[in-house]
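Scroll down for the structure; my scribbles are underneath it.
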Amino acid sequence: MSKYREMEFSHAVWSVTKKIPKGKVATYSGIARIIGRPKAARAVGNALHVNPFAPVVPCHRVVKKSGQIGGFAGGVKKKIKLLKKEKIKVIKGKIVNFSKVLANF
DNA sequence: GTCGTGACTAGCC
DNA sequence: CGGCTAGCCACGA
């Protein structure tokens, strides 16, 4: 019986996001699935959007399932820049070698 | 307790 | 390719 008390959901999201290896990325639905809510991709985005650990959690490593960047609190441009710093190629807000940089938990 | 919103996804045209 | 709809979940007012 999984009792999601308080904001354990959001907490789990940040926890998983912090576990993303460098140079790799994860998807919203993927994270949602890991924490036990495969259909809570939206909630995941919400948690990251309001996450108090903005500079601590590599939220820029979280993208859509289609390989699209999605959004980022502060500017998608910055997100792309950060991803490129991680050796991840991004073109027009979309990851090129998405399948190769996708972290497989 | 209900309503609206959002960094999502999949399907349809 | 782009736009719209429906379903899903969590949070704040």
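Coordinate-derived values only; no laboratory data. Here the structure is a predicted model, which means the values were calculated and not measured. Neighbour counts run over all protein chains shown; Cβ positions are idealised from the backbone, glycine included.
For A:K84, the stated conditions do not hold, so it cannot be described as among the charged types (D, E, K, R), within 11 Å of A:V25 (Cα to Cα) and either within 7 Å of DNA strand B (Cβ to nearest atom) or free of Cβ contacts under 8 Å to residues at least 24 places away in the same chain (or both). For the range A:82-96, taking the residues that are of a type outside the set (V, I, T) and exposed (fewer than 13 other Cβ atoms within 10 Å of the Cβ), the one that is farthest from the chain's Cα centre (by Cα) is identified as A:K92.
Residue by residue, here is whether (1) touching a residue at least 24 places away in the same chain (Cβ under 8 Å); (2) within 11 Å of DNA strand C (Cβ to nearest atom); (3) among the hydrophobic types (A, V, I, L, M, F, W, C); (4) in contact with a Gly (Cβ under 8 Å, 6 or more places away or on another chain) holds:
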| site | (1), (2), (3), (4) |
| --- | --- |
| A:V13 | yes, yes, yes, no |
| A:T17 | yes, no, no, no |
| A:K24 | yes, no, no, no |
| A:R37 | yes, yes, no, no |
| A:F53 | yes, no, yes, no |
| A:A73 | yes, no, yes, no |
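Among the residues of the range A:52-65, the ones that are surrounded by fewer than 20 Cβ atoms within 10 Å (Cβ to Cβ) and within 6 Å of DNA strand B (Cβ to nearest atom) come to 2 in all.
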